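This report refers to the structure that appears directly beneath it.
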Amino acid sequence: MHYVKSLPEDEGMSLADKVFTVLKQEILSLGIKPREYLVIRDVAALYGISPTPVREAFIRLEREGWLRIDGRRGAQVTLPSSQTLLDIVETEAVLEAHVASRAAAAITPEQLKKLEAILADADSALEAGQHGRCRDLGDQFHGQLYAIAGNEYMRDIILALEEQIMRIRTLLWNVDEAPVVDSARQHHEILDALRRRDPEGAHGAMYHHTVWYEKKLVATLEFM
């Protein structure tokens, strides 16, 4: 096994929570690959703990869709089906577009300046070839919209959906450069709608931004 060999030291977390956190992190980062099998006794031995918290962590990971427990072989890391991912993309797009629409109606001049500064930094990073930083700033842009819209529950749902999509993005970015330029341009289209305080325009721009590349990713899944 090649994944993280130490558990978080947070005393406020149970052993099951610690195992869950580490294994989920490794699944997201592809330290544990899709379709790989995990065995409770092996994971317990790796961390020097009893099987019980590992079993509890497996059950939670299965509940969230990261594992499929097989009583004979352990638990297999899932690779979502194309239809499942399309459903996730559609749901995420509807929620993201609603957030953008609410933000366009509620945004203040100070909040608009902050978004403009984030995208200016993203443009500079893109020009310097710093694609990772550009993507991080894009995430900040989305995070500011969640704050402006003022619905933390919706934000949490979107981020949970995004985790599922990120696994597929990461797999494909190994062979296909992420469309950072197109994504940055689309962020400016969303910003233009926010400047106009145009909820309908922001809704449409964000919906397109959310689905256009995600559907391309899903289309390639059957060949993986």
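Worth pointing out:
- Complete set of residues in the range 76-135 that are more than 30 Å from Leu30 (Cβ to Cβ) and open to solvent by 70 Å² or more (accessible area, probe 1.4 Å): His98, Arg102, Pro109, Glu110, Lys113, Lys114
- Check on Arg102, at pLDDT 95 or above and out of contact with any Asp or Glu (no Cβ under 9 Å at 6 or more places or on another chain): yes
- In this entry, Arg63 passes the filter for residues that are closer than 26 Å to Ile157 by Cα, open to solvent by 70 Å² or more (accessible area, probe 1.4 Å) and free of Cβ contacts under 8 Å to residues at least 12 places away in the same chain.
- Counting only residues that are within 15 Å of the chain's Cα centre (by Cα) and either small (Gly, Ala, Ser) or open to solvent by 70 Å² or more (accessible area, probe 1.4 Å) (or both), the range 200-214 holds 0 of them.
- Residues of the range 68-88 that are touching a residue at least 24 places away in the same chain (Cβ under 8 Å) and within 18 Å of Val22 (Cα to Cα): Gly74, Ala75, Gln76, Val77, Thr78.
- Residue list for the range 178-189, restricted to those being touching a Leu at 6+ places or on another chain (Cβ under 8 Å) and either open to solvent by less than 70 Å² (accessible area, probe 1.4 Å) or at pLDDT 95 or above (or both): Val180, Ala184, His187, His188
- Residue list for the range 101-122, restricted to those being in contact (Cβ under 8 Å) with a residue 40 or more places away in the chain and within 22 Å of the chain's Cα centre (by Cα): Ser101, Arg102, Ala103, Leu115, Leu119, Ala122
The values are calculated or read from the model by the stated rules, or taken from the named source; none is laboratory data. A quick note: this is a predicted structure, and the numbers were derived from the prediction, not measured. When we count neighbours, we look across all protein chains shown, and the Cβ atoms used for this are built from the backbone with ideal geometry, even at glycine. When the accessible area is computed, the model is the full protein with side chains, heavy atoms only, and any ligands, DNA or RNA have been set aside. Shrake-Rupley method; radii C 1.70, N 1.55, O 1.52, S 1.80 Å.
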